[in-house]
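Encoded as structure tokens, the structure appears first; notes follow it.
The values are calculated or read from the model by the stated rules, or taken from the named source; none is laboratory data. As the structure is a prediction and not an experimental result, all values here were calculated from the model. All Cβ positions, glycine included, derive from the backbone under ideal geometry; neighbour counts span all protein chains shown.
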Amino acid sequence: MVFKRRDRRSFWRIAWEFIYPRGGWQRAFYYMRHRVRRLPDSPEKIARGIFAGVFAAFTPFYGIHFVIAGVLAKIMNGNFWAALAGTFIGNPLTYLPIGVISLKVGHFMMGTRFDEDLDKSLVAQFSGAAEDLLRNFLALFTDVDANWSNLIEFYDRVFLPYLVGGVAPGVIAGLIAYYLSVPVIAAYQKHRRARLRKKLAERRAEKAARQAAEANAAKTAAMKGANNV
């Protein structure tokens, strides 16, 4: 294959680069920002895609944020690739604060109590729910007993409050990203169009000068030939 990687990455290397990209998160952020600004769409459509991606990052559906962002972008008539880039706000460095904010808002809206120690056990809560899912799946084919205790606790303490509480912060963060993105993308596209027009004008001038020089050379050669005759 033409675009196949020469250095095949192991599973653990892929997992580590997901947590900490090669070159660091700052470089990855600037790369994604550069890619978003170069998308061939209107600033408003790109910004709607970014809104969809940022909002999706505030949902508890880890692992399918890309899917949620893509669906939302389709509904909102936003740019699909900008939506995928917008989910970048949710990363291993921000998942914990996003989760804690969403949980606090969710418990407040539902009238339940937020456990102050829950922010320290979010990983354990997700791990316990995953273990129950795996155990219950194996129970369909083996003699392993199904166990729903971790899933029930996860749903009551984490998933439902997270789902409810992530809406408001997600909308607020998405709107901030939208209104910051539109003028930045518009200015970048305007500057890029001006730069492309300048390059095109320079190339046309160079081509015209080259054609004029060739015409003069041909005229001079013709005059020399006539004089020799």
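Kindly state which helices (runs of 4 or more DSSP H) lie completely within the stretch 133-229 and contain at least 3 residues that are among the small types (G, A, S) and surrounded by 10 or more Cβ atoms within 10 Å (Cβ to Cβ).
167-228
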| note | Of the residues in the stretch 58-79, those that are crowded, with 17+ Cβ neighbours inside 10 Å and assigned to a helix (DSSP H, G or I) number 6
| query | Among the listed residues G86, G106, which satisfies the condition of being of a type outside the set (S, T, N, Q), touching a residue at least 40 places away in the same chain (Cβ under 8 Å), touching a Pro at 6+ places or on another chain (Cβ under 8 Å) and part of a helix (DSSP H, G or I)? | reply | G106
| Mind checking whether some residue in the stretch 88-103 is within 28 Å of A187 (Cα to Cα), at pLDDT 85 or above, surrounded by 15 or more Cβ atoms within 10 Å (Cβ to Cβ) and in contact with a Gly (Cβ under 6 Å, 6 or more places away or on another chain)? | no
